[in-house]
Amino acid sequence: MTRATRTPPSQAQRAARFVLGRITFYVGSSLFAAFFVLPLLWLTVAPFSTLANLDLRLPDPWSLQNFERVFENGFAIRALVQNSMIQGFGAMLLVTLTATLAAYALSRANIPGTTAITYGLVLFSSVVTGTAAMVPIFLMIVQLGLIDTHLGVILVFTGGLLPAAVFIMRDFVDSIPRSYEESAMVAGASSWRVFRDIALPIVRPGMMVVGVWAFVQVWGGFLIPFILLRDADKMPASVAIYSFYTEAGTPLITLTAAYSLLYTLPVLLLYLFVNWRYGFRFFGGIKS
Amino acid sequence: MASVTFHDVEKAFGTVKAVDGVNFTITEGEFVCLLGPSGCGKTTTLRLIAGLEKATGGNIQIGDLDVTHLAAKDRDIGMVFQDYALYPHMTIGENIGYPLKVRNVPTDARATRIGEVAKNLQIDKLLERRPGEISGGQQQRTSVARAVVHEPQVFLFDEPLSNLDAKLRLEARSFLKHLQREVGVTAVYVTHDQAEAMALADRIAVMNEGRIVQMAPPLEVYHRPGTTFVANFLGSPPMNLLPGKVALDGEPRFVGEAFTIPMQSHVETAVRQHLSDGAQVTVGIRPEHLDLSQDPVSGGFQGPLYALETLGPESLVTLKVGDELLTVRIFSDDAPQLADTVHAAFDPEKLHVFRENGERIPVE
């Protein structure tokens, strides 16, 4: 006759369980966030302390002395404002432009196997990555006479980044409906004009994504410039940061912190500029 | 304004022939609808005219010019795409003016012309907006404006109404008809909607499997469908098609599994001319030419009720005649009172007869 029924949780019980769940969630995610945020916090305060070590504490007193000493290091500053910029922007332009053209061709050409080529490229690039390929790359660059040149560094970076860049760009190009280009053709535009007037503006946000990504990769790349460059005058910041190490190989934390902060600024500024000017958005197709 | 001529045009994708030996001439100022089910080759035919596909055989002429090997940009065509294909990064004004910009029309002249066209299409208040910010109907008008702005030789429409909701579609349809009358440009219009084709076209080309099955004015296609395919495709609901046999012994008649239809004298003459006794035929009657009757009718149909659909101004009554379904369309805003067995009579003048292979026998 009687069926065992479970009493539904009362209003208060349910509320308590909800609050408890929320508390656990917030505490957990705060700990998780702290793990990532602490190094960033350290980076924003440590450069301003003359007594900085690896602890996170507010500088007392605040001081710009670290920066003064960093600016006295002409080698490190030239690396940052000249060499890293040449290599970073050089590779960024080359990667973005070639990747866009290649992606457009791979997406639109009526050639069988373009998808296989795209995926094959990405696969190759992840199999033959930097370190393992360093010796052949070095030999090749020597034979091309590009050793100890910005161009050599830019080309090697470009080669490494292109497959992934083409892959990302192709996704952007593929999502433009072909009818956009077809309607421009019917309207009387030549192929080049169609690319310039229609395809290029629509994939521009994609190019920005790829450009910033390529810049960051080159900016932070250490091994390639370290191996391909000889002349101290051409070293980028990623290598020059080691000039703030003592003879014994321990970092001078005060100066490294100040230089690191300067080192992150261009990337940050580039991101903000691109986001303000173009926005990392995508037009996509009109709802149909 | 120009004519469009196809001579044995073929288009193969690999081994599949999407367009298989199509011939027609569309005269200057004519509005032709390509009508057919999806995959029948109608859109490919349109894209062949536009130059977006290259013919693998035959040749295509626009006016006196052979355009078979001419690029799309050199054909002087205006086209409205199914998804409108408005450029999302340009304003409505820039979109409309694009064909002029490509033709290097100076900015002032361009602005004047854009204003003119936009005003005519009632989108002149939207010129500064972007395609994502206007409604579907407005997008459609913008797309039409962009197609007419440079006064092309030929106008192409690729199912331009299929993305609009039902109410807007009827409005846009009347509007297109009005526009065509006003502008009078040669137009080719692709649709799978037979009502759209009937409403708009000067001539309808019904396509199936890459070929044109029949090309004639709308009422001709409706009253004298050339094949069972056309008969089945046009009309809503489509024509009732029932298999039967010719019986010329005694009183000439069509005999089906569950019906007998006596032949009228003019039908008999035509049948005797084209068919022999015992030949397999398909007889066709449009639902609107059938009527319900209280009592059994000689030469009519009867069978159990299969379905009753009341649609407001009309009702569809479907009965089962042998193994076949027969739909009767009644124009009355009351639901009909039906017994278990339904009787239907029809106007013998409206009978269609087709050979076993689907071809029409001219009985009128």
Of everything in region B:243-300 that's among the β-branched types (Val, Ile, Thr) and in contact with a Ser or Thr (Cβ under 8 Å, 6 or more places away or on another chain), which residue is most open to solvent (accessible area, probe 1.4 Å)? B:Thr282
Residue under evaluation A:Gly206, criteria (1) more than 10 Å from every other protein chain (Cβ to nearest Cβ); (2) open to solvent by 30 Å² or more (accessible area, probe 1.4 Å), criterion not met: (2)
Any hit, region B:243-251, residues being in a strand (DSSP E or B), closer than 30 Å to B:Val190 by Cβ and in the same structural domain as B:Thr341 (by TED's automatic domain parsing): no
Every residue in region B:342-364 that is in a strand (DSSP E or B) and either of a type in the set (D, E, K, R) or open to solvent by 70 Å² or more (accessible area, probe 1.4 Å) (or both), please. B:Arg355, B:Glu359, B:Arg360
Note on A:Ile176: of the conditions (1) in contact (Cβ under 8 Å) with a residue 60 or more places away in the chain; (2) of a type in the set (A, V, I, L, M); (3) more than 13 Å from every other protein chain (Cβ to nearest Cβ), unmet is (3)
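Yes/no per residue for (1) touching a residue at least 24 places away in the same chain (Cβ under 8 Å); (2) hydroxyl-bearing (Ser, Thr, Tyr); (3) open to solvent by less than 60 Å² (accessible area, probe 1.4 Å):
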site: A:Val27; (1), (2), (3): no, no, no
site: A:Thr50; (1), (2), (3): yes, yes, yes
site: A:Leu54; (1), (2), (3): yes, no, no
site: A:Arg69; (1), (2), (3): yes, no, no
Only one of A:Ala46, A:Ala16 that is aliphatic (A, V, I, L, M) and either at pLDDT below 90 or open to solvent by 100 Å² or more (accessible area, probe 1.4 Å) (or both): A:Ala46
List the pairs whose first member sits in region B:91-114 and is closer than 23 Å to B:Asp74 by Cβ and assigned by TED's automatic domain parsing to the domain that holds B:Pro131, whose second member is open to solvent by 20 Å² or more (accessible area, probe 1.4 Å) and of a type in the set (Lys, Arg), and whose Cβ atoms are under 6 Å apart, counting only residues at least 6 apart or on separate chains? B:Gly97/B:Arg110; B:Leu100/B:Arg110
Hey, B:Val102 more than 25 Å from the chain's Cα centre (by Cα) and either surrounded by fewer than 21 Cβ atoms within 10 Å (Cβ to Cβ) or farther than 30 Å from B:Ser135 by Cβ (or both) or not: yes
Determine whether region B:312-330 contains at least one residue that is open to solvent by 10 Å² or more (accessible area, probe 1.4 Å) and under 28 Å from B:Gln273 (Cβ atoms). yes
Which residue out of A:Gly159, A:Gly152 is assigned to a helix (DSSP H, G or I), more than 13 Å from chain B (Cβ to nearest Cβ) and free of Cβ contacts under 8 Å to residues at least 40 places away in the same chain? A:Gly159
Any chance region A:235-255 includes a residue that's at pLDDT 90 or above, in a helix (DSSP H, G or I) and either exposed (fewer than 15 other Cβ atoms within 10 Å of the Cβ) or among the charged types (D, E, K, R) (or both)? no
Candidate set from region A:256-284 (those that are within 14 Å of chain B (Cβ to nearest Cβ) and touching a helix residue (DSSP H, G or I) at 6+ places or on another chain (Cβ under 8 Å)); member that is modelled with the highest pLDDT: A:Tyr278
Tell me yes or no: at least one residue of region B:233-241 is open to solvent by less than 40 Å² (accessible area, probe 1.4 Å) and over 30 Å from B:Gly137 (Cα atoms). yes
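Condition check ((1) open to solvent by 50 Å² or more (accessible area, probe 1.4 Å); (2) within 10 Å of chain B (Cβ to nearest Cβ); (3) under 28 Å from B:Ala71 (Cβ atoms)) across all residues:
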| position | (1), (2), (3) |
| --- | --- |
| A:Ala184 | no, yes, yes |
| A:Ala189 | no, yes, yes |
| A:Trp192 | yes, no, yes |
| A:Asp197 | no, yes, yes |
| A:Val218 | no, no, no |
| A:Leu223 | yes, no, no |
| A:Arg230 | yes, no, no |
Which ranges mark the strands (runs of 3 or more DSSP E) fully within region B:20-139 that have 2 or more residues being within 14 Å of chain A (Cβ to nearest Cβ)? B:77-80
For region A:151-159, state whether one or more residues are farther than 30 Å from B:Val105 by Cα, modelled with pLDDT under 90 and within 21 Å of the chain's Cα centre (by Cα). yes
Which of the following residues is open to solvent by 20 Å² or more (accessible area, probe 1.4 Å), farther than 30 Å from B:Glu133 by Cβ, of a type in the set (A, V, I, L, M, F, W, C) and assigned by TED's automatic domain parsing to the domain that holds B:Ala216: B:Phe13, B:Phe24, B:Phe31? B:Phe13
When B:Leu338 is run through (1) over 13 Å from B:Asn240 (Cβ atoms); (2) of a type outside the set (Gly, Ala, Ser); (3) assigned to a strand (DSSP E or B), the failure sits at (3)
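The values are calculated or read from the model by the stated rules, or taken from the named source; none is laboratory data. Bear in mind that the values here come from a model prediction, so they are computed numbers and not experimental data. Quick reminder, even Gly has a Cβ in these numbers, built from the backbone with ideal geometry, and neighbours come from all protein chains shown. These area figures cover heavy atoms from the full protein model, side chains too; ligands, DNA and RNA do not enter into them. Shrake-Rupley method; radii C 1.70, N 1.55, O 1.52, S 1.80 Å.
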